[in-house]
1. Can you name every residue in the range 92-109 that is exposed (fewer than 12 other Cβ atoms within 10 Å of the Cβ) and touching a residue at least 40 places away in the same chain (Cβ under 8 Å)?
2. Which one of these does ASP16 not meet: (1) closer than 22 Å to GLY109 by Cβ; (2) of a type outside the set (Ser, Thr, Tyr); (3) in contact with a Phe, Trp or Tyr (Cβ under 7 Å, 6 or more places away or on another chain)?
3. Of all residues in the range 22-37, which are of a type outside the set (A, V, I, L, M) and in contact with an Asp or Glu (Cβ under 7 Å, 6 or more places away or on another chain)?
4. Is it true that some residue in the range 77-89 is under 27 Å from ILE122 (Cβ atoms), in contact (Cβ under 8 Å) with a residue 24 or more places away in the chain and outside any helix (DSSP H, G or I)?
5. From the list ALA40, ALA77, exactly one residue is within 14 Å of GLU9 (Cα to Cα), among the hydrophobic types (A, V, I, L, M, F, W, C) and in contact with a helix residue (DSSP H, G or I) (Cβ under 6 Å, 6 or more places away or on another chain). Which is it?
6. So which residues in the range 110-128 are within 26 Å of ARG71 (Cβ to Cβ) and either touching a strand residue (DSSP E or B) at 6+ places or on another chain (Cβ under 8 Å) or surrounded by 14 or more Cβ atoms within 10 Å (Cβ to Cβ) (or both), if there are any at all?
7. Which residue, of ASN37, ASN52, is touching a residue at least 60 places away in the same chain (Cβ under 8 Å), among the polar types (S, T, N, Q) and in contact with a Phe, Trp or Tyr (Cβ under 7 Å, 6 or more places away or on another chain)?
8. Would you mention how many residues in the range 28-42 are surrounded by fewer than 17 Cβ atoms within 10 Å (Cβ to Cβ) and out of contact with any Ser or Thr (no Cβ under 6 Å at 6 or more places or on another chain)?
Amino acid sequence: MQSRIMYIEHKTDQNDRGEAWIGMVEFSKSGQTVYFNGHAYKKLKSGGTVGNFYDIESEDEFWISGVKKNRQDRHWAGSGKIKIEKAIIEEYLNIVDFSELDEQHYELGEPDRTDKRKFLEIENEKIE
C-alpha cells in the first residue's frame, strides 16, 4: 500500500470550515480509495458538489489533495485550525520548507487507526 502526506478537509455542509487534517494517508492498490483517521474515502467519478472524495460510510464529501508549499491548503473563504499528525511534522516541514509550525493555523493531533477490512466488508455488502 502506498502512503503519502496529504491534506484532508470535510466539505459537506461545512462552509469551508470543516475539520481539516494533514496526515499520512494510505491508498488502495487502484489509488481510488484513501484511508485515514478511521475512514475510507472513495474518489468521486464525476465531480462532487464541493469535494473530490466521499466517505464510504457517511457519504459526506471531502477535499483530499497534496499539501501546498505555501501552506494555503484551506479554501480562501475557509477558516479554522488544521490538525497535523504528530508523527509527520518533521517530514511536513521539509516539504513546505519551513522550520516550525505556525500555532495560529495548526494544532497537533493523533488520528485514529483505520481498519481497512471493515471498509472492504462495507463495499462488498453494497455490491451484493
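1. None; the set is empty.
2. Tallying (1) closer than 22 Å to GLY109 by Cβ; (2) of a type outside the set (Ser, Thr, Tyr); (3) in contact with a Phe, Trp or Tyr (Cβ under 7 Å, 6 or more places away or on another chain), ASP16 fails exactly one: (3).
3. Matches in the range 22-37: GLY23, TYR35, ASN37.
4. Yes, the range 77-89 contains a residue that is under 27 Å from ILE122 (Cβ atoms), in contact (Cβ under 8 Å) with a residue 24 or more places away in the chain and outside any helix (DSSP H, G or I).
5. ALA40
6. GLU110, PRO111, THR114
7. One residue alone meets the criteria, ASN37.
8. 4
The values are calculated or read from the model by the stated rules, or taken from the named source; none is laboratory data. Computed from a prediction, not measured in an experiment: that's the story for all the values here. Positions of Cβ are generated from backbone atoms using ideal geometry, with glycine treated the same way; all protein chains shown enter the neighbour counts.
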